[in-house]
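Notes for the one structure printed next.
Nothing in this text is a laboratory measurement; each read-out follows from the coordinates by a stated rule. Worth saying up front: this structure is predicted, and the values here are computed from it rather than measured. Here the Cβ is made from the backbone with ideal geometry for all residues, glycine too, and neighbour counts use every protein chain on show.
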Amino acid sequence: MLGDPMKEAATLGKRLREIKSRRSRYQEMAAAELIDFDELREWFAGLEDERKGTERALETTQRRAEHLEHLEQTESHEVSLDIQDRPSVIVRALSRHARHLSARLAET
């Protein structure tokens, strides 16, 4: 089951910031010669895959949030229209009922 898209987006945004931070730390490690550039490239490749996956998930979550908002607006509009139509529906029903009663009274 999918959760709240706003919370998911916040979590994914936090993950993207963490990926950026790790990338910076790996660059610092390479600058301090704690890892060589081949290792740095490997780390960057893994981070790039993770970043792309996270960005795709964030885009999907944002589209889902937009879709849910659209559905809520549509539903709200339909309820509003339904409420606006109710008086005419009631009048038509009462008119039919009044005609029915008039016809029955005329029969007696």
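Before moving on, here are some points about what is shown:
- Residue exposure proxy: R23, R41, ordered by other Cβ atoms within 10 angstrom of their Cβ from fewest to most, comes out as R41, R23.
- Local electrostatic count at S24 - Lys and Arg +1, Asp and Glu -1, tallied over other residues with Cβ under 12 Å: +3
- L68, L12, L58 arranged by Cβ crowding within 10 Å, fewest neighbours leading: L68, L58, L12
- By other beta-carbon atoms within 10 Å, ranking R15, R25 with the fewest at the front produces R25, R15.
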